[in-house]
């Protein structure tokens, strides 16, 4: 990825998993959400378990794969600094998962790029819609979701991962939306 932004120097985005990626994505989620939102270790375990299931039971990590699922890993000098994935939820519906950018790289466009790549992938797979679950505290991520056409369709307050949260569901109908340039 070429950029004039020094924050993104030497950041590459790949779809081929390497040993350690799954643990690094789970660790990044665990550390960031604990520091920024007070989540406990059950959140990291939740992410790790779902990632393991995705890789073991669903994901086809081949460049020639015709899979309708994918994961993007942002890498800077061998260190995972971001991720996003598309998981098949149903024949015509995808779920966006594990979207996170290292706090040191936020604001440089990496999150926007990951999100655009994921939505473009959904379009190429001919999904009719894609949804995600997030929390109300993630206002910047919600702004990015709205920028590509996601709309909030549900809220679910409760206590999860050792914290009071308001989970939010966002949906994007793909046949009616185009990516901004």
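Can you tell me which residues in the range 147-159 are surrounded by 12 or more Cβ atoms within 10 Å (Cβ to Cβ) and within 19 Å of the chain's Cα centre (by Cα)? Matches in the range 147-159: 147, 148, 149, 150, 151, 152.
When you look at residue 83, is it closer than 20 Å to residue 50 by Cβ and either surrounded by fewer than 18 Cβ atoms within 10 Å (Cβ to Cβ) or at pLDDT 95 or above (or both), yes or no? Criteria met by residue 83. The criterion of being in contact with a strand residue (DSSP E or B) (Cβ under 7 Å, 6 or more places away or on another chain) and either in a loop (DSSP other than H, G, I, E, B) or closer than 23 Å to residue 49 by Cα (or both) holds for residue 88. For the range 62-73, taking the residues that are surrounded by 15 or more Cβ atoms within 10 Å (Cβ to Cβ) and over 17 Å from residue 30 (Cβ atoms), the one that is modelled with the lowest pLDDT is identified as 68.
Looking across 34, 52, 48, 26, one residue alone is farther than 21 Å from residue 137 by Cα, at pLDDT 95 or above, touching a helix residue (DSSP H, G or I) at 6+ places or on another chain (Cβ under 9 Å) and not in a loop (DSSP other than H, G, I, E, B). It is 48.
In this structure, residue 106 does satisfy being surrounded by fewer than 18 Cβ atoms within 10 Å (Cβ to Cβ), touching a residue at least 24 places away in the same chain (Cβ under 8 Å) and under 15 Å from residue 29 (Cα atoms).
Condition test on residue 107, is it in contact with a helix residue (DSSP H, G or I) (Cβ under 8 Å, 6 or more places away or on another chain) and part of a loop (DSSP other than H, G, I, E, B)? Yes, satisfied. When the range 129-142 is limited to residues that are over 14 Å from the mean Cα position of the chain (by Cα) and closer than 20 Å to residue 100 by Cα, the one that is surrounded by the most Cβ atoms within 10 Å (Cβ to Cβ) turns out to be 137.
Residues are listed down the side, and each one gets a yes or a no for (1) in contact with a strand residue (DSSP E or B) (Cβ under 8 Å, 6 or more places away or on another chain); (2) farther than 13 Å from residue 99 by Cβ; (3) outside any strand (DSSP E or B):
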position	(1), (2), (3)
127	yes, yes, yes
152	yes, yes, no
168	yes, yes, no
175	no, yes, yes
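Go through 123, 112 for me and flag whichever is out of contact with any strand residue (DSSP E or B) (no Cβ under 8 Å at 6 or more places or on another chain), in a helix (DSSP H, G or I) and under 22 Å from residue 17 (Cα atoms). Being out of contact with any strand residue (DSSP E or B) (no Cβ under 8 Å at 6 or more places or on another chain), in a helix (DSSP H, G or I) and under 22 Å from residue 17 (Cα atoms) holds for just one of 123, 112, which is 112. Taken over the range 111-151, residues that are farther than 17 Å from residue 85 by Cα and without any contact (Cβ under 8 Å) to a residue 40 or more places away in the chain amount to 9.
The values are calculated or read from the model by the stated rules, or taken from the named source; none is laboratory data. Because the structure is a prediction, the values reported are computed rather than measured. All Cβ positions, even for glycine, are placed from backbone atoms using ideal geometry, and neighbour counts span all protein chains on display.
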